[in-house]
Amino acid sequence: MTIGNFIRCAIALVFVLVVQVELFSELRIWGVMPELLLGVSIAAAWVAGPDRGAVVGFVAGLLYDLYLPTPLALTALAYVLVAYGVGLISAAVAQSGESSLRRVVSFTAIPIGITLFIVLGELLGEDLYGNGYVTLVIVATIYTMVLMGPIHLLMQWAMGANRNDARAPSRLEMVE
Amino acid sequence: MTVTLLTLDARNVAVIEKFKDGIAAAVSPFRGVGDKVFGPVGDAWTSVNENDELEGELERLQAEVERLSAAQIADSGAAEELDGLKSQLGLPVGDEFETVIAEVVAGSISNFDEFVVEINRGASDGIQDGMPVVTVGGLVGRVEDTGQFNARVRLITDPTVSVTVLVVGTEEVGIMSGRGDANLLEVGKGSVRADSVVEVGDFIITSGSDRSLYPAGLEVGRVEEIEVDQGKLEKKLLIQTSASLTRLRFVTVVLFDPDAPVTEPEVEPTVAAEAEPQGEGGG
């Protein structure tokens with residue numbers, strides 16, 4: 001990652017954090033806000049592969065953790081795992097059916113990320129699972145998906161060029 | 001690395017707290033800009049969803065109700081009763097505590113914790129974890145996760161928060177907890193006997209026992225509804241909070257240290273120990 005990419009990533013992450021905290025915490029639908037920083041982690045993994053995606057996921061989650069009452073790095077851990085998984089998939093599927101597949105992967109990764117956060121939190125003794133779980137997951141997934149287009153564009157800018165140029169060789173690609 | 005950070009945070013390592021304060025301070029200017037830029041959008045959204053044209057009038061009326069409630073509680077002799085209770089328990093009066101006024105700069109910013117607000121005062125103003133937070137209407141919550149220049153306040157409507165309260169005009173003391181509703185609390189779980197003299201409209205204040213996390217006499221609300229369980233011979237009280245917790249703008253942090261030594265009570269307190277709030281993550 002070049003210094004330019006690093007700076008652009010920092011700008012993108014702070015921007016999304018501010019938008020998440022200052023804007024979308026108010027723009028709730030049925031009391032649910034989108035998980036933009038999870039979206040950023042997914043988009044970064046799609047653009048740059050599992051390793052760099054995981055790094056972005058870690059930083060994005062850690063930034064969010066600073067403002068949450070849950071243990072520090074809990075969100076980061078969930079985002080790292082999701083980003084790495086998405087990065088592996090993005091590397092595996094390469095260029096086939098990319099646009100539609102990207103939507104499917106994102107649509108699946110968002111509820112997985114939310115659920116993973118809840119499960120990890122429960123393992124650490126946090127009371128995160130509640131009666132509104134299903135509503136939360138459905139609304140947050142759809143809400144975040146609506147915003148994934150701009151997030152993908154933002155992360156393509158932040159990570160540099162288009163996804164095929166910017167993505168680091170993944171393990172799967174190296175094996176092949 | 002994430003596991004390491006989780007471990008260090010769980011152990012409350014000082015360097016982690018400094019790290020969090022440092023990053024929060026660095027991001028703070030951007031949040032300020034974001035608040036200015038996005039604030040009107042949030043207000044517009046709120047106005048669409050909550051009929052905002054009445055907001056100003058509602059706030060004015062709420063303030064008036066709170067003022068009248070405070071006046072009524074004084075008129076009903078509660079203040080004298082409170083003084084008597086305090087003198088019995090050897091507790092200081094509420095006015096003796098220093099206070100810090102803080103602005104609520106953010107509500108909940110997560111899908112998983114809606115009972116938290118953020119204030120713009122922190123340890124540099126003498127605020128510590130556990131200090132009670134009030135408005136002119138009464139108790140709204142407790143400070144948790146205090147940073148150098150900010151802090152989070154956990155609202156009393158959180159179901160995991162418990163407060164030992166006294167029904168003014170009676171000797172009934174119970175454990176009050178949140179219900180997850182915006183402005184409703186409840187006193188239940190064997191706290192109030194079925195034959196007690198509690199009535200709808202009675203005022204509820206903090207009891208301030210010797211192990212209480214809150215000083216005595218903070219107004220909490222009034223009894224909205226009473227459900228009697230004849231089988232268990234107890235009453236469940238639904239409490240309407242006297243302070244509005246839905247649109248907090250400014251709050252007052254009472255610099256009350258629950259661990260500070262207090263005068264030994266002259267009489268044995270009759271109240272149960274106040275339950276510690278559960279699930280208050282260190283963030």
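With every protein chain in place and a 1.4 angstrom probe, the accessible-area ranking of B:177, B:124, largest first, reads B:124, B:177.
Using a 1.4 Å probe over protein heavy atoms, the accessible area lost on pairing A with B, summed over both chains, comes to approximately 3300 Å².
Can you show me the helix-derived [θ] at 222 nm for chain A, built from DSSP H runs with n ≥ 4 at -39,500 (n - 2.57) apiece and divided by the number of residues, rounded to the nearest 500.
Working: 8 runs with 127 residues, N = 176.
Mean residue ellipticity at 222 nm (helix-derived): -24000 deg cm²/dmol.
Mean-square fluctuations from a GNM of chain A, with a 10 angstrom spring cutoff on Cα atoms, peak among A:15, A:107, A:24 at A:15. For trypsin sites (Lys or Arg not before Pro), the sites in the stretch B:214-263 that DSSP calls loop and that have at most 14 other Cβ atoms within 10 Å are B:232, B:247, B:249. Rounded to the nearest 10 square angstrom, residue B:254 shows an accessible area of 10 square angstrom against a 1.4 Å probe.
What size of dipole, in debye to the nearest 20, comes out for chain A about its Cα centre when the only charges are +1 on Lys and Arg C-beta atoms and -1 on Asp and Glu C-beta atoms?
Details: 8 positive and 12 negative charges, 84 e Å.
In total the dipole reaches around 400 debye.
With N as its number of residues, the stretch A:30-95 has a Cα radius of gyration that, divided by 2.2 N^0.38 Å, comes to 1.12. The heavy atoms of residue B:146 offer some 30 square angstrom of accessible surface to a 1.4 angstrom probe.
Top mean-square fluctuation among A:157, A:46, A:30, Gaussian network model of chain A, C-alpha springs under 10 Å? Among A:157, A:46, A:30, the largest GNM mean-square fluctuation belongs to A:30. Sorting B:158, B:229 by accessible area puts them as B:229, B:158; the probe is 1.4 Å, largest comes first, and only protein heavy atoms count.
The mean sequence separation of alpha-carbon pairs under 8 Å and at least six residues apart, normalised by the residue count of the stretch B:116-261, gives a relative contact order of 24 percent.
Name the GluC sites (Glu not before Pro) in the stretch B:150-259 that are in a loop by DSSP and that have at most 16 other C-beta atoms within 10 Å, would you?
Sparse-neighbourhood loop GluC sites (Glu not before Pro): B:171, B:199.
In chain A, how does Rg compare with the Kirkwood Rh, expressed as the Rg/Rh ratio over alpha carbon atoms?
Working: Rg = 15.3 Å, Rh = 16.0 Å.
A ratio of 0.96.
The values are calculated or read from the model by the stated rules, or taken from the named source; none is laboratory data. Predicted model only: the values in this text are computed from it and were never measured. Virtual Cβ from ideal backbone geometry, glycine too; neighbours counted across all protein chains shown. Just the protein is used for accessible areas: all its heavy atoms, side chains included, with ligands, DNA and RNA removed. Shrake-Rupley method; radii C 1.70, N 1.55, O 1.52, S 1.80 Å.
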